[in-house]
Amino acid sequence: RQSWVTDPLALDGCFQLAILWTRSQRGAASLPCHIRRYRQYRKAFPSGGVEVALAIEGVRGQLAVADLTLFDAAGVVAVAEGYECALDAGLDRSFARNVAGAS
C-alpha cells in the first residue's frame, strides 16, 4: 500500500480520550484491551482530521466498555463498537515515569 486505509493517530486519539475519561470519572488510567467491531464508512480518512464521541456502555470492575464514533463535518467516518479498556490506578505511576524519563 502507498497509504493508510485508516488513521492510526486518530485511533490512538480515541484511546487517549478513554484514558482521560477513566481518570476523570474512575480515578484510574486505562489501557486498551479489545475492540469488538470496527467499521469504516469511507475509503480514506479525511485529510482535515476527525472528532471523536465516546459513549460509555458501562464499567464492570476494572473494565470499561464504550463505543467510539469518529466523524467530521460530512458525517460519520468510522465506529469502534465494544471498545474495552482495563482500569488500573498503578498506570498513573508508570505513565509519570515514562514522561519524566523522556524529558
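The values are calculated or read from the model by the stated rules, or taken from the named source; none is laboratory data. Note that the structure is predicted; figures quoted are calculated from it, not measured. So basically every Cβ, Gly included, is an ideal-geometry build from the backbone, and we count neighbours across all protein chains shown. Each accessible area value is taken on the protein alone, full model and side chains, heavy atoms only, with ligands, DNA and RNA left out. Shrake-Rupley method; radii C 1.70, N 1.55, O 1.52, S 1.80 Å.
Restricting the range 1-21 to residues that are part of a loop (DSSP other than H, G, I, E, B) and either open to solvent by 90 Å² or more (accessible area, probe 1.4 Å) or more than 19 Å from Glu51 (Cα to Cα) (or both), the residue that is modelled with the highest pLDDT is Trp4.
Condition check ((1) open to solvent by 70 Å² or more (accessible area, probe 1.4 Å); (2) closer than 17 Å to Asp7 by Cα) across all residues:
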site: Tyr38; (1), (2): yes, yes
site: Tyr41; (1), (2): yes, yes
site: Gly48; (1), (2): yes, yes
site: Ala55; (1), (2): no, no
site: Arg60; (1), (2): yes, no
site: Val65; (1), (2): no, no
site: Gly82; (1), (2): no, no
site: Cys85; (1), (2): no, no
site: Gly90; (1), (2): no, no
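Does Asp12 satisfy being of a type in the set (D, E, K, R) and either free of Cβ contacts under 8 Å to residues at least 12 places away in the same chain or on the phi > 0 side of the Ramachandran plot (or both)? Here the answer is yes, as Asp12 does meet what is asked.
Residue pairs whose Cβ atoms lie under 8 Å apart, separated by 6 or more positions or on different chains, with the first residue in the range 22-40 and within 12 Å of Gly82 (Cβ to Cβ) and assigned to a strand (DSSP E or B) and the second open to solvent by 80 Å² or more (accessible area, probe 1.4 Å) and among the aliphatic types (A, V, I, L, M), do not occur. Summed over the range 41-68, the residues that are among the polar types (S, T, N, Q) and closer than 20 Å to Ala86 by Cα give a count of 1.
Just wondering, is there one or more residues in the range 22-36 that are polar (S, T, N, Q) and touching an Asp or Glu at 6+ places or on another chain (Cβ under 9 Å)? The answer is yes; a qualifying residue exists. Criterion first (of a type in the set (D, E, K, R) and in contact with an Asp or Glu (Cβ under 6 Å, 6 or more places away or on another chain)) does Asp88 satisfy it? Taking the combined requirement at face value, the residue does not satisfy it.
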